[in-house]
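The values are calculated or read from the model by the stated rules, or taken from the named source; none is laboratory data. The structure presented is a predicted model; accordingly, all values stated were derived computationally and were not measured. Here the Cβ is made from the backbone with ideal geometry for all residues, glycine too, and neighbour counts use every protein chain on show.
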Amino acid sequence: MDLHRHDECSSFDGYGKASELAKLAKELGHTALGISNHGNTNGLVQHYLACKENGIKPVLGCEGYFLPKYKEQHRGYHLCLFAKNKVGYHNLNALQYEGEKQKYYNPIWTFELLEKYHEGLICTSACIAGYLSQCLKEDKLSQAEKYIKKMVEIFGDDFYIEIQPYKISEPNLQEMVNVKAIKLARKLKVKCVLTSDSHRGRKEDFPTYLKMHEVAGHDLNHIEETYKERYMPSDSELYKRFVKMHKKDFKESTESIGKRMILNLKEIEDKCVEDIFKDYEEILPKYSDDSEKLLKSKIKKGLEEKGKWNKKYQERVKQEFNVIKTLGFHDYFLIVADYVNWAKEHGINVGPGRGSACNCLIAYALGITEVDSLLFGLDFRRFLREDKKKLPDIDIDFETSRRHEVIDYVINKYKGHTARIASYGLYKVDNLINDLAKVCGLPTDKSIDETEVRNNKKEIADIKKLCNKYIDEDGKLDKESLLCSREAKLYNSQYDDIITHFTKLYFKMRFIGTHAAGVAVTGGDILDYTALRIDKNGNIYTNYDLNDMENIGVVKFDMLGLGTMEELGELKGVTGSNPIYDEIVVDEKIIDNFNKGNTIGVFQFDKKAVRDILIKINCNCFDDIIAANAMNRPGPLSLHMPEAYAENKINIDEAKQSLYYDYTKESYGTVIYQEQIQQICVYIGGMSWGDADKVMKMIGGQSQSEDAKAEFERNKKELHDKFVKGAIKNGLTKQQAEEMFNTMLVYSFNKGHACGYSLISVKEMYYKTYFPTEFWFAKIKYAPNEDDYDKFCSYATKDGCVVFLPHINYSNERMRIRKVEGENCLQRGLSEIKGVGEKAAKEIVEERKRNGIFTSYDNFYDRCKSRVVNEKVIRLIKEYGASEFDKNIYIKRVTKYNSSLIGRDFK
Ligand SMILES: [Zn+2]
Ligand SMILES: [Zn+2]
């Protein structure tokens with residue numbers, strides 16, 4: 001076994017992905033493979049899965065940083081720990097987390113911590129940078145002895161001394177340390193193991209490995225000498241290296257010492273269990289002692305408050321509840337409802353719902369969504385079924401600027417069971433070529449002159465373009481074709497094999513980042529699942545990313561940020577109006593605005609393409625709005641789906657003849673939604689719901705790599721045959737069945753999601769219709785860039801608003817709503833005058849607020865002239881007319897400005 005070993009998770013020091021390395025280990029005849037990255041456990045899940053995939057035993061560990069006693073500003077000595085079992089894995093995580101609290105670059109382990117968390121762990125003395133090696137190097141034999149004795153006291157038989165048969169940059173040092181260590185081990189009856197401390201898989205990847213160090217600015221001479229041979233060895237290579245290195249160093253034959261050390265590796269392998277992550281499944285903390293009862297009462301209370309606790313709703317709730325009960329998901333719903341309602345109670349604006357959670361009436365009853373799935377005809381089975389078994393995703397939109405409050409709430413509420421989630425920053429074309437360019441002869445920094453910088457930048461852009469040409473939509477790189485291309489060969493010869501290095505580093509780990517939206521929640525102690533990292537703000541993060549967490553059965557909650565929620569919160573505030581969705585979806589004035597395509601500024605209905613759809617389909621009800629939203633994607637547009645929809649709507653009698661009309665009534669017989677496809681598959685094709693899911697997921701999945709394509713075609717054929725067979729049984733002809741299957745495969749969209757998002761649109765339209773000034777005020781306030789102000793002002797005037805130009809007596813720094821003769825108007829801000837700036841505008845406004853309006857230009861000049869409001873600013877204000885004291889002139893200018901705005905066309 002290659003025990004002490006690094007991969008890409010040792011940042012800029014290890015090379016190779018878990019999947020490649022496990023495969024290689026298998027090829028080399030290893031039956032197990034260790035992992036021990038520097039100071040982190042990031043790669044453990046991927047290592048575990050890759051080993052399982054290749055039929056070898058994963059040994060999970062970490063090469064951490066050790067100090068006998070904590071000292072400030074000391075990086076610590078290397079030390080390796082490996083988990084024998086679940087207890088050991090927990091303790092490794094606990095050591096990393098406790099070590100984080102006293103970290104210096106990396107978590108620091110001390111004797112005290114090791115004593116506390118040693119159970120289930122194997123400890124090995126690590127490399128030349130280990131404490132033992134350093135004692136031996138300085139010939140502090142009694143200190144070394146004391147250290148070993150202490151380790152044996154803690155770990156017993158599970159402490160091993162590492163012997164690394166590799167030369168390092170300091171001549172003869174490793175050899176000398178090895179000899180002393182073996183002698184000491186014999187004296188103290190401690191076992192030794194041979195380790196490689198390999199930092200890559202294959203020998204031939206050395207040039208790329210070096211490049212990686214060069215990118216990080218490491219000392220290449222040292223790396224070259226110490227790591228040249230540190231690729232993954234077979235057991236026999238390790239053994240031979242040892243024998244060669246220490247031929248005559250011992251009384252006993254070197255061969256028998258070497259053999260014993262290989263056997264000791266096997267002993268470690270046998271001590272470790274195969275399946276540390278086995279039986280991990282999605283478990284959540286218990287929300288209450290009787291979650292079932294609590295959930296029931298909350299559902300009832302919720303629907304009663306909405307005035308909907310009637311027979312029809314009760315019937316649907318009962319169906320949904322039975323599924324949730326069978327699956328045991330009570331706590332999940334209670335936990336989500338708890339933080340969503342907490343957010344609402346604390347004035348954080350929450351989206352009405354997204355994804356298939358909109359299809360769940362219980363989610364509506366609990367306040368998780370505002371989507372009444374019964375009212376909008378949304379099928380629960382798209383969201384959850386007894387045969388689905390996996391926890392559903394309930395993603396929630398929160399106003400972006402306050403989302404972190406919700407995350408903090410969940411973290412604090414389930415302390416010890418939660419953490420924010422890490423994300424792996426991988427090398428993509430941009431960051432990789434940028435990194436490589438610096439060390440492959442294409443610098444763009446101050447070391448070279450400007451012309452050269454320009455040339456190099458152009459060359460870099462061209463190289464990126466070339467690389468991108470060989471990457472498909474899923475990000476998969478076609479290495480061979482890229483390397484064979486004429487351009488690649490040219491670039492390689494000119495720039496130090498830049499393309500070769502690119503192909504080897506593409507998609508490898510570059511840094512560990514954080515995932516903004518996710519929170520992991522575990523049933524048991526979170527340290528049973530993952531080690532934790534603490535950032536400089538004290539936030540706790542998992543060591544794994546979303547994918548890894550999912551693979552070991554950790555539930556995550558997604559709290560997404562949506563800017564529109566901020567606007568809607570503002571609108572609620574300035575208008576004092578917040579209508580319920582049930583009413584506005586049938587409001588004639590609102591629907592009429594959709595019908596006319598008067599949707600500029602409205603969430604998801606702003607662009608021309610979708611306005612055209614609304615007009616085309618003669619949108620006159622909320623169902624049409626949902627359909628327009630769902631069809632506003634490149635697929636259905638290129639297929640002329642809106643035209644078909646419109647036609648069916650007009651020729652409804654003809655549309656009714658369609659064999660699947662019963663399942664597509666809401667869209668006049670046009671297949672648009674995933675929910676419809678599921679029903680057609682089940683009720684016409686006689687398929688199982690599971691197969692119906694597969695058909696649904698198939699749609700839009702055609703563009704993939706060659707292998708995936710073949711697999712896709714096989715699956716498609718299988719599902720096609722099932723459908724056709726079932727449909728014939730249900731009375732269709734073969735041709736009809738085949739036609740139907742092919743029609744379905746064209747396009748589909750989750751109706752629940754389209755419905756939830758269309759509710760946001762309708763809410764926006766409510767404000768645009770009844771409070772246009774406030775609507776455009778909110779749009780402008782939250783506009784991402786100031787260049788949009790003019791455009792938005794123009795739209796506002798078209799909606800009947802009056803926009804006043806900046807004026808020292810009326811304006812604030814930025815746009816505000818001002819009442820003029822009883823009407824709300826938009827008053828542009830002083831800082832919008834080019835060259836005036838926020839600071840000067842603020843001073844003027846503050847002076848006016850302190851000492852009253854300005855009575856004349858001179859009065860303004862005398863009161864405001866300062867270092868910030870300087871002559872230039874005052875001149876600009878005057879030239880702009882913002883210090884005009886003749887009211888008639890100002891009003892005339894405003895009138896002229898407004899009619900010019902109405903006349904302008906931006907789209
Ligand atoms: Zn080391
Ligand atoms: Zn190491």
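Which of the residues that make up the range 406-465 are of a type in the set (Asp, Glu), over 30 Å from the mean Cα position of the chain (by Cα) and surrounded by fewer than 13 Cβ atoms within 10 Å (Cβ to Cβ)?
So in the range 406-465, the residues of a type in the set (Asp, Glu) come out as 408, 430, 435, 445, 449-450, 452, 459, 462.
Within this subset, residues satisfying the condition of being over 30 Å from the mean Cα position of the chain (by Cα) are 445, 449-450, 452, 459.
Result: 445, 449, 450.
So which residues in the range 778-814 are crowded, with 21+ Cβ neighbours inside 10 Å, touching an Asp or Glu at 6+ places or on another chain (Cβ under 8 Å) and among the hydrophobic types (A, V, I, L, M, F, W, C), if there are any at all?
778, 780
Scan the range 234-257 and tell me whether some residue there is within 16 Å of ligand 1 (Cβ to nearest atom), under 23 Å from residue 136 (Cα atoms) and in contact (Cβ under 8 Å) with a residue 12 or more places away in the chain.
no
Within the range 171-230, count every residue that is assigned to a loop (DSSP other than H, G, I, E, B) and within 26 Å of residue 434 (Cα to Cα).
Restricting attention to the range 171-230, the residues satisfying the condition of being assigned to a loop (DSSP other than H, G, I, E, B) are 171-172, 189-190, 195-197, 199, 201-202, 216-219, 228-230.
Filter once more, keeping what is within 26 Å of residue 434 (Cα to Cα): 199, 201-202, 216-219, 228.
Of the residues in that region, 8 qualify.
Would you check which residues across the range 732-764 are without any contact (Cβ under 8 Å) to a residue 60 or more places away in the chain, of a type outside the set (Lys, Arg) and farther than 16 Å from residue 681 by Cβ and list them?
Just the residues of the range 732-764 that are without any contact (Cβ under 8 Å) to a residue 60 or more places away in the chain, to begin with: 733-735, 737-739, 741-742, 745.
Then drop every residue that is not of a type outside the set (Lys, Arg), which leaves 733, 735, 737-739, 741-742, 745.
Matches in the range 732-764: 733, 735.
Any idea which residue in the range 77-130 is farthest from ligand 2 (Cβ to nearest atom), counting only those that are of a type in the set (Val, Ile, Thr) and surrounded by 21 or more Cβ atoms within 10 Å (Cβ to Cβ)?
If we take residues in the range 77-130 being of a type in the set (Val, Ile, Thr) and surrounded by 21 or more Cβ atoms within 10 Å (Cβ to Cβ), then 108 is farthest from ligand 2 (Cβ to nearest atom).
As an exercise: evaluate residue 202 against (1) within 16 Å of ligand 1 (Cβ to nearest atom); (2) under 30 Å from residue 440 (Cα atoms); (3) at pLDDT 95 or above; (4) in contact with a Leu (Cβ under 8 Å, 6 or more places away or on another chain) and give the number of the one condition it does not meet.
Tallying (1) within 16 Å of ligand 1 (Cβ to nearest atom); (2) under 30 Å from residue 440 (Cα atoms); (3) at pLDDT 95 or above; (4) in contact with a Leu (Cβ under 8 Å, 6 or more places away or on another chain), residue 202 fails exactly one: (1).
Scan 169, 133 and give me the residue that is out of contact with any Phe, Trp or Tyr (no Cβ under 9 Å at 6 or more places or on another chain) and within 16 Å of ligand 2 (Cβ to nearest atom).
So the residue among 169, 133 that is out of contact with any Phe, Trp or Tyr (no Cβ under 9 Å at 6 or more places or on another chain) and within 16 Å of ligand 2 (Cβ to nearest atom) is 169.
Starting from residues that are outside any loop (DSSP other than H, G, I, E, B) and buried (at least 20 other Cβ atoms within 10 Å of the Cβ), keep the ones in the range 1-23 and report whichever is farthest from ligand 1 (Cβ to nearest atom).
22
Hey, among 69, 26, which residue is surrounded by fewer than 23 Cβ atoms within 10 Å (Cβ to Cβ) and in a helix (DSSP H, G or I)? First the steps, then the outcome.
On the way: 69 fails: in a helix (DSSP H, G or I).
Sole residue among the options that is surrounded by fewer than 23 Cβ atoms within 10 Å (Cβ to Cβ) and in a helix (DSSP H, G or I): 26.
Please enumerate the residues belonging to the range 389-403 that are of a type outside the set (Val, Ile, Thr) and under 25 Å from residue 326 (Cα atoms).
389, 390, 391, 392, 393, 395, listed by residue number.
Which residues, counting only those in the range 30-42, are more than 16 Å from ligand 1 (Cβ to nearest atom) and either assigned to a loop (DSSP other than H, G, I, E, B) or crowded, with 24+ Cβ neighbours inside 10 Å (or both)?
The answer is 30, 31, 33, 42.
Out of 102, 96, 134, report the one residue that is assigned by TED's automatic domain parsing to the domain that holds residue 188, within 14 Å of ligand 1 (Cβ to nearest atom) and among the polar types (S, T, N, Q).
Only one candidate qualifies: 134.
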